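Okay, so here's the structure we're looking at.
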Amino acid sequence: QLQLVESGGNLVQPGGSLRLSCAASGVTLANYAIGWFRQAPGKEREGVGCIGRSNSGTTYVDSVKGRFTISRDNAKNTVYLQMNNMKPEDTAVYYCAAAGGFYRGSGYYPTTGHNGCDEDFNAWGQGTQVTVSS
C-alpha cells in the first residue's frame, strides 16, 4: 500500500493562513490525482478538494472555495493545500490521498483516466492536525 505523508498542520488564528504538504516516496505524484480530505471531531470525513493529473483542473467543496488552493510543485514531488482566511470550522485532521492509480505487485501505477479525481482514492496519508482558534 502506498503511504502518503502530510505535514504542516498547526494551530492558527482565525483569518490566518497555513500550507499543508503531501509527499510520497517511490512514486511521481504528478501522475496521479491528489485529493485533500478532512475530518472534524464528531463529523464524517469530507472531501475538501482535488487536483487532477496532467495539468487538469482543481475542484473544491463550496465551503472552502475562494479560500483554499491545491497546487503542485512537481520538481519537489509535492502537492500543497494552501489555506487562507481560515475559520474555526476548518479545524480538523487533514488527509491527502491519491486516486487514478492501481496496485500491481509492490508498485502503484497510473490508470488511463484523464483526470483521476473521479476514481478511487486508494492511497492515504496518516493525517495532520489543523486547529483554528484564538
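The values are calculated or read from the model by the stated rules, or taken from the named source; none is laboratory data. Quantities reported herein were computed from a predicted structural model and do not represent experimental measurements. So basically every Cβ, Gly included, is an ideal-geometry build from the backbone, and we count neighbours across all protein chains shown. Protein only, heavy atoms only, side chains kept; ligands, DNA and RNA dropped before computing areas. Shrake-Rupley method; radii C 1.70, N 1.55, O 1.52, S 1.80 Å.
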Could you check, for segment 124-132, whether at least one of its residues is part of a loop (DSSP other than H, G, I, E, B), touching a His at 6+ places or on another chain (Cβ under 9 Å), of a type outside the set (A, V, I, L, M, F, W, C) and modelled with pLDDT of 95 or more? no
Of the candidates Arg67, Arg45, the one satisfying the condition of being free of Cβ contacts under 8 Å to residues at least 60 places away in the same chain and closer than 16 Å to Thr128 by Cα is Arg45
Considering only residues that are closer than 15 Å to Pro110 by Cβ and in contact with a helix residue (DSSP H, G or I) (Cβ under 7 Å, 6 or more places away or on another chain), look in segment 1-59 and name the one that is surrounded by the most Cβ atoms within 10 Å (Cβ to Cβ). Arg53
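To keep it simple, each residue is scored yes or no on (1) touching a residue at least 24 places away in the same chain (Cβ under 8 Å); (2) buried (at least 22 other Cβ atoms within 10 Å of the Cβ); (3) not hydroxyl-bearing (Ser, Thr, Tyr).
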site	(1), (2), (3)
Tyr94	yes, yes, no
Ala99	yes, yes, yes
Ser106	no, no, no
Cys117	yes, yes, yes
Asp120	no, no, yes
Trp124	yes, no, yes
Val130	yes, yes, yes
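Name the residue, out of Asp62, Asp73, that is open to solvent by 60 Å² or more (accessible area, probe 1.4 Å) and not small (Gly, Ala, Ser).
Working: Asp73 fails: open to solvent by 60 Å² or more (accessible area, probe 1.4 Å).
Within the list Asp62, Asp73, the selection yields Asp62.
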Just one of (1) assigned to a loop (DSSP other than H, G, I, E, B); (2) under 14 Å from Gly125 (Cβ atoms); (3) at pLDDT 95 or above trips up Trp36, so point out which. (1)
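Anything in segment 1-33 that is of a type in the set (A, V, I, L, M) and in a loop (DSSP other than H, G, I, E, B)? List them, or say none. Break it down into steps so the answer makes sense when it comes.
Restricting attention to segment 1-33, the residues satisfying the condition of being of a type in the set (A, V, I, L, M) are 2, 4-5, 11-12, 18, 20, 23-24, 27, 29-30, 33.
Selection gives Leu2, Ala24, Val27.
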